[in-house]
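Chemist: First the structure, which I've put down as structure tokens, then a few questions once you've had a look.
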Amino acid sequence: MEFRFASDVEAFRSEVREFLDETLTDEFRNDPELVQEGGFSREFTRRLGQRGWLTLAWPEEYGGQARSHFEQLAYNEEMARSGAPGRAHMMAVSLVGPSIMLHGNDAQRAEYLPKIAAGEICFCQGFSEPGAGSDLAGLQLRATRDGDEYVVTGQKIWTSDAHRADFCWLGTRTDPDAPKHRGISTLILDMSSQGLSVHPLLSMGDHHHFNEFFLEEVRVPAENRVGQEDRGWYYMTTTLDFERSGAAAFVAATQSLERTGRYFSEERPGGERDGDAQRRGDLADLIIAATAGRWVSYRVVWLQSQNRVPNYESSMSKLFGATLSTKIANLGVRVAGLYGQLTPASARAPLDGRIEDAYIWGAAAGIRGGTNEIQRNIIATRGLGLPRG
Ligand SMILES: Cc1cc2nc3c(=O)[nH]c(=O)nc-3n(C[C@H](O)[C@H](O)[C@H](O)COP(=O)(O)OP(=O)(O)OC[C@H]3O[C@@H](n4cnc5c(N)ncnc54)[C@H](O)[C@@H]3O)c2cc1C
């Protein structure tokens with residue numbers, strides 16, 4: 001049996017691939033003015049915005065192109081294949097925009113949606129707190145109404161790109177006496193507000209990706225509240241029917257495995273080609289897993305294309321992708337030996353230091369966006385119908 005995408009999907013994939021190959025030259029990627037640490041690029045985001053591709057999946061009435069789920073899939077796969085910088089627009093396009101569309105008012109739609117679509121503004125996501133991560137509804141950042149403003153005091157943590165974002169999509173507690181899923185409101189916080197201080201948290205790979213930030217009586221206009229007061233939990237968990245299959249992770253996994261395979265065949269700096277049967281077998285197993293993972297992710301897209309809402313299937317894809325990336329990183333370190341611990345800064349680092357980078361970052365895949373344990377809980381309860389623990 002051979003599966004194929006429809007010809008219009010493949011035509012769009014080629015268009016995207018051509019654009020990415022032309023735009024993401026080494027010169028572009030290596031210019032620190034254009035692409036910042038970790039793949040954050042306002043310039044690239046603006047270029048996608050000019051083509052209308054940031055909002056490919058948005059409805060036409062909000063400036064989107066209403067493309068099919070399979071076209072979105074092809075686009076996401078090509079972005080992953082080229083290692084395109086996507087962080088500057090991800091939150092705004094996939095989280096904030098859809099929430100404003102569904103729950104915002106006309107003034108908010110007119111203010112934010114065109115700027116998001118054009119790639120002019122970027123958002124961070126202010127959900128996690130020191131005492132609220134997996135149990136997000138336990139958040140404590142306090143917002144008290146004072147006339148036509150909210151006064152906000154407290155702390156957020158692990159906020160990716162808070163040091164670069166223009167705005168934050170902020171979860172706050174507006175009614176401390178209500179049951180925890182109620183009494184939460186969502187505000188759009190201007191990151192240049194007075195009383196706000198952002199501090200870097202360096203990852204174990206020494207990257208500045210996320211931050212903690214503190215708010216001391218920060219005044220946020222009440223008109224920046226999206227949706228009704230105390231109903232924010234529902235807006236924080238809003239997902240529109242956009243492509244979220246996790247397919248991009250499997251494209252990246254396949255590419256890493258292909259690189260590792262090529263490295264297997266090369267002469268080692270101090271020795272011979274790798275003839276270790278165990279490692280070769282492990283590589284083959286992971287290639288099979290990456291292929292199976294792609295089909296798991298395509299099932300999510302197929303469900304969406306049938307107007308069905310993926311549930312535990314998305315968790316399967318997320319969990320499978322996260323554990324696979326960890327296994328690939330571990331194999332890379334075993335294949336490269338001590339050289340695998342060299343950072344990208346070292347000229348002797350194999351595969352441009354990607355092995356060390358993947359190993360260090362591998363840990364994050366099983367935490368961000370819902371930990372592996374939380375995904376397993378969803379699969380167990382919603383997928384297998386097991387009782388809650
Ligand atoms: C790279 C990265 C980027 C991030 N970016 C952002 C961001 O931009 N904005 C933001 O708000 N947050 C962000 N986060 C934070 C992330 O959402 C949280 O780390 C995550 O939700 C887990 O929360 P926690 O760290 O508080 O751990 P906890 O929830 O305290 O979990 C600790 C451990 O207990 C386990 N556990 C918890 N509850 C259960 C349960 N019910 N059953 C079984 N096991 C359980 C977890 O799996 C984990 O192993 C980011 C995290 C990472 C790693």
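The values are calculated or read from the model by the stated rules, or taken from the named source; none is laboratory data. Keep in mind it's a predicted model, so treat the numbers as computed, not measured. Virtual Cβ from ideal backbone geometry, glycine too; neighbours counted across all protein chains shown. The area values use the complete protein model at the heavy-atom level, side chains included, leaving out ligands, DNA and RNA. Shrake-Rupley method; radii C 1.70, N 1.55, O 1.52, S 1.80 Å.
Chemist: Tell me the helices (runs of 4 or more DSSP H) entirely within the range 24-109 that contain at least 2 residues that are in contact with a Pro (Cβ under 9 Å, 6 or more places away or on another chain).
Modeler: Details: elements: 26-29, 42-50, 69-81, 87-91, 97-103.
So the answer is 42-50.
Chemist: Search the range 215-226 for residues being in a strand (DSSP E or B) and open to solvent by less than 70 Å² (accessible area, probe 1.4 Å), and hand back the single one that is farthest from the ligand (Cβ to nearest atom). Break it down into steps so the answer makes sense when it comes.
Modeler: Quick first cut of the range 215-226, residues in a strand (DSSP E or B) only: 215-221, 225-226.
Right, trim to open to solvent by less than 70 Å² (accessible area, probe 1.4 Å) and you get 215, 218, 220-221, 225-226.
Working: L215: 14, V218: 17, V220: 17, P221: 22, R225: 18, V226: 16 Å.
Looking at the filtered set, the residue picked out is P221.
Chemist: Let me ask something else. Can you pull out the strands (runs of 3 or more DSSP E) entirely within the range 120-195 that have at least 1 residues that are within 9 Å of the ligand (Cβ to nearest atom)?
Modeler: Correct list: 123-126, 149-160, 167-173.
Chemist: If you go through the range 64-74, how many residues are open to solvent by 20 Å² or more (accessible area, probe 1.4 Å) and either touching a residue at least 12 places away in the same chain (Cβ under 8 Å) or under 19 Å from W295 (Cβ atoms) (or both)? Write out each step before concluding.
Modeler: Going through the range 64-74, the residues open to solvent by 20 Å² or more (accessible area, probe 1.4 Å) turn out to be 65-71.
Narrowing further to those that are either touching a residue at least 12 places away in the same chain (Cβ under 8 Å) or under 19 Å from W295 (Cβ atoms) (or both): 65, 67-71.
Count: 6.
Chemist: A follow-up question, please. Are any residues in the range 1-53 among the aliphatic types (A, V, I, L, M), within 28 Å of D357 (Cβ to Cβ) and touching a residue at least 12 places away in the same chain (Cβ under 8 Å), and if so, which ones? Walk me through it before giving the result.
Modeler: Residues of the range 1-53 among the aliphatic types (A, V, I, L, M): 1, 6, 9, 11, 16, 20, 24, 34-35, 48.
When the remaining residues are screened for being within 28 Å of D357 (Cβ to Cβ), the result is 16, 20, 24, 34-35, 48.
Once the filter is applied, which keeps residues that are among the aliphatic types (A, V, I, L, M), within 28 Å of D357 (Cβ to Cβ) and touching a residue at least 12 places away in the same chain (Cβ under 8 Å), the range 1-53 yields V16, L20, L24, V35, L48.
Chemist: Right, something else. What do you reckon, is L202 closer than 13 Å to R225 by Cβ and either crowded, with 19+ Cβ neighbours inside 10 Å or within 15 Å of the ligand (Cβ to nearest atom) (or both)?
Modeler: Details: closer than 13 Å to R225 by Cβ: no; either crowded, with 19+ Cβ neighbours inside 10 Å or within 15 Å of the ligand (Cβ to nearest atom) (or both): yes.
The answer is no for L202.
Chemist: Moving to a separate point now. Go through the range 274-326 and count every residue that is more than 24 Å from F5 (Cα to Cα) and among the aromatic types (F, W, Y).
Modeler: 1
Chemist: (1) farther than 30 Å from I374 by Cα; (2) outside the structural domain of V220 (by TED's automatic domain parsing); (3) open to solvent by 20 Å² or more (accessible area, probe 1.4 Å): which one isn't true of E149, the others all being true?
Modeler: It is condition (2) that E149 fails.
Chemist: Can you tell me which residue among A66, A88 is at positive phi and hydrophobic (A, V, I, L, M, F, W, C)?
Modeler: On the way: A88 fails: at positive phi.
Of the residues listed, the single one that is at positive phi and hydrophobic (A, V, I, L, M, F, W, C) is A66.
Chemist: Of (1) within 30 Å of T237 (Cβ to Cβ); (2) within 16 Å of the ligand (Cβ to nearest atom); (3) over 18 Å from the mean Cα position of the chain (by Cα), I367 satisfies all except one. Which?
Modeler: (3)
Chemist: Can I ask one more? Taking the condition modelled with pLDDT of 95 or more, away from the ligand (no atom under 16 Å from the Cβ) and within 15 Å of the chain's Cα centre (by Cα), does A84 pass? Show your work before the answer.
Modeler: On the way: modelled with pLDDT of 95 or more: yes; away from the ligand (no atom under 16 Å from the Cβ): yes; within 15 Å of the chain's Cα centre (by Cα): yes.
It is true that A84 is modelled with pLDDT of 95 or more, away from the ligand (no atom under 16 Å from the Cβ) and within 15 Å of the chain's Cα centre (by Cα).
Chemist: Take the range 164-195 and flag every residue that is crowded, with 19+ Cβ neighbours inside 10 Å and free of Cβ contacts under 8 Å to residues at least 24 places away in the same chain.
Modeler: none
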